[in-house]
Amino acid sequence: MSYYINTTLENTTFQKAREKTISALKKEGFGVLTEIDIKATLKKKLDADFYNYTILGACNPGLAYQALQAENKIGTMLPCNVIVQEREQGTIEISAVDPAASMMAVDNESLAGIATDVREKLTKVIKSI
């Protein structure tokens, strides 16, 4: 089982792909709680050059609430990470965590349905980009 869902966009800019990803997340009820610019962070902390790579911490409040009610430590796996990366100029890959794969590590059957719901929503997000 793969641990992520992804798609690739051609002939676009990194910024446009990032914006399109955030918009698609919103349409499925996700907000972006965090945004980490890996390229800028690695430059600042290590003086290392890296390609455009941003991690979006996405959260669907209703589903997060259900998950937290089922398992009080599930917050260690929240929010759902979505990455936007540009390894080659003009080719942008967008990948989202597959929550069903990560929930396999948690011994709580009541999370399975919630994880499936989140996976379906994230799959719609990725396919709509």
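The values are calculated or read from the model by the stated rules, or taken from the named source; none is laboratory data. Treat the numbers as computed from the prediction; the structure is a model and nothing was measured. Ideal geometry is used to build each Cβ from the backbone, glycine not excepted, and the neighbour counts take in all protein chains shown.
Could you list, in sequence order, the residues of region 78-89 that are in contact with an Asp or Glu (Cβ under 9 Å, 6 or more places away or on another chain) and either of a type in the set (A, V, I, L, M, F, W, C) or over 19 Å from residue 19 (Cα atoms) (or both)?
First, pick out the residues of region 78-89 that are in contact with an Asp or Glu (Cβ under 9 Å, 6 or more places away or on another chain): 83-87.
If the condition is that a residue be in contact with an Asp or Glu (Cβ under 9 Å, 6 or more places away or on another chain) and either of a type in the set (A, V, I, L, M, F, W, C) or over 19 Å from residue 19 (Cα atoms) (or both), then 83, 84 are the ones that fit.
Figure legend. Inter-residue proximity from region 13-29: first residues at pLDDT below 95 and surrounded by 16 or more Cβ atoms within 10 Å (Cβ to Cβ), second residues assigned to a helix (DSSP H, G or I) and of a type in the set (Gly, Ala, Ser), beta-carbon distance below 7 Å, spacing 6+ or different chains. No pairs are indicated. Does residue 107 count as out of contact with any His (no Cβ under 8 Å at 6 or more places or on another chain), modelled with pLDDT of 95 or more and surrounded by fewer than 16 Cβ atoms within 10 Å (Cβ to Cβ)? Against the criterion (out of contact with any His (no Cβ under 8 Å at 6 or more places or on another chain), modelled with pLDDT of 95 or more and surrounded by fewer than 16 Cβ atoms within 10 Å (Cβ to Cβ)), residue 107 does not qualify.
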